[in-house]
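Below is one structure; the comments refer to it alone.
The values are calculated or read from the model by the stated rules, or taken from the named source; none is laboratory data. Computed from a predicted structure; not experimentally measured. Methodologically, a virtual Cβ is constructed for each residue, glycine included, from the backbone with ideal geometry; neighbour enumeration extends over all protein chains shown.
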Amino acid sequence: MAIKILRDFTKRMFGMFFRQKEEISLGFYGPPNAGKTSLANKICKDWTGDEIGKVSKMAHETRTVQFKEEVEIKYKDKSLKFKLVDTPGIATKIDYEDFMKGGKKNRMKKKQAQTRAKEATQGIVEAIKWLDDVDAVIVVLDATENPYSQVNITILGNLVARDIPVLVVANKVDLRKADIKKVESAFPEYEVVGISAKYGKNMDEFYESVFRLAKKA
């Protein structure tokens, strides 16, 4: 009798576990302007026809966490449902004066820049909190930038500390300065896949990597 009760209990617990994993919460993290929202938009457009958020050349355009649930991705004979969690760009320092620089089109006045900096800071705090609710993370890096930055190391350090499965995406491979090998050398312990979210380059390999990541979640 006791064995039957234990077996039934175990069966229910396993059932609960697998029901929870029917939708995998997939977070998109990385520094500002690496292409997190562009990639999340590409995935959403590929599988739902919609977008998740606005893209801009201005840093910290995404200042709050935005998500889309029940995005069903199919690869070969497999199918998985994901909750895509697009987070604001992570930065170790935000200076409102940076928003007052640049071209005339993107330049902000002081008050507007201060508001943007405050919202960006709040967005980073919110993004870090969301690490408690994601099953796996895609770290999106700009393949034309130096991967050995304090921001990138901080992001991956947080993920290691929380034991969250990671896929590193080297975005913007369509640009001449892109260097995937440098990203691979910087983070040899992670799988790195090079893509262009803007032009949809190498997305088949990306989706294959996402399915491998999901197995670890």
Here the residues within region 75-94 that are modelled with pLDDT under 90 and over 17 Å from the mean Cα position of the chain (by Cα) are Y75, K76, D77, K78, T92, K93, I94
For K216, the lone unmet condition from (1) surrounded by fewer than 14 Cβ atoms within 10 Å (Cβ to Cβ); (2) basic (K, R); (3) free of Cβ contacts under 8 Å to residues at least 60 places away in the same chain is (3)
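Consider region 128-155. How many of its residues are of a type in the set (A, V, I, L, M, F, W, C) and at pLDDT below 95?
Matching residues across region 128-155 total 6.
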Can you find a residue in region 200-213 that is touching a Ser or Thr at 6+ places or on another chain (Cβ under 6 Å) and assigned to a loop (DSSP other than H, G, I, E, B)? no
Within region 133-150, can you find the residues that are over 14 Å from the mean Cα position of the chain (by Cα) and of a type outside the set (S, T, N, Q)? A143, E145, P147, Y148
If we scan region 95-117, do we find a residue that is modelled with pLDDT of 70 or more, touching a Lys or Arg at 6+ places or on another chain (Cβ under 6 Å), closer than 24 Å to Q66 by Cβ and surrounded by 13 or more Cβ atoms within 10 Å (Cβ to Cβ)? no
In region 32-74, what residues are hydroxyl-bearing (S, T, Y), closer than 27 Å to L175 by Cα, surrounded by fewer than 17 Cβ atoms within 10 Å (Cβ to Cβ) and modelled with pLDDT of 85 or more? none
Being under 16 Å from V137 (Cα atoms) and either basic (K, R) or in contact with a strand residue (DSSP E or B) (Cβ under 8 Å, 6 or more places away or on another chain) (or both) is the filter here; which residues of region 165-193 pass it? P165, V166, L167, V168, V169, A170, N171, F187, Y190, E191, V192, V193
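Before we move on, is D142 surrounded by 19 or more Cβ atoms within 10 Å (Cβ to Cβ) and in contact with a Lys or Arg (Cβ under 6 Å, 6 or more places away or on another chain)?
Criteria met by D142.
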Tally, over region 127-144, of residues that are assigned to a loop (DSSP other than H, G, I, E, B) and touching a residue at least 40 places away in the same chain (Cβ under 8 Å): 4
Output yes when any residue across region 13-21 is modelled with pLDDT of 55 or more and out of contact with any Cys (no Cβ under 6 Å at 6 or more places or on another chain), and no when none is. yes
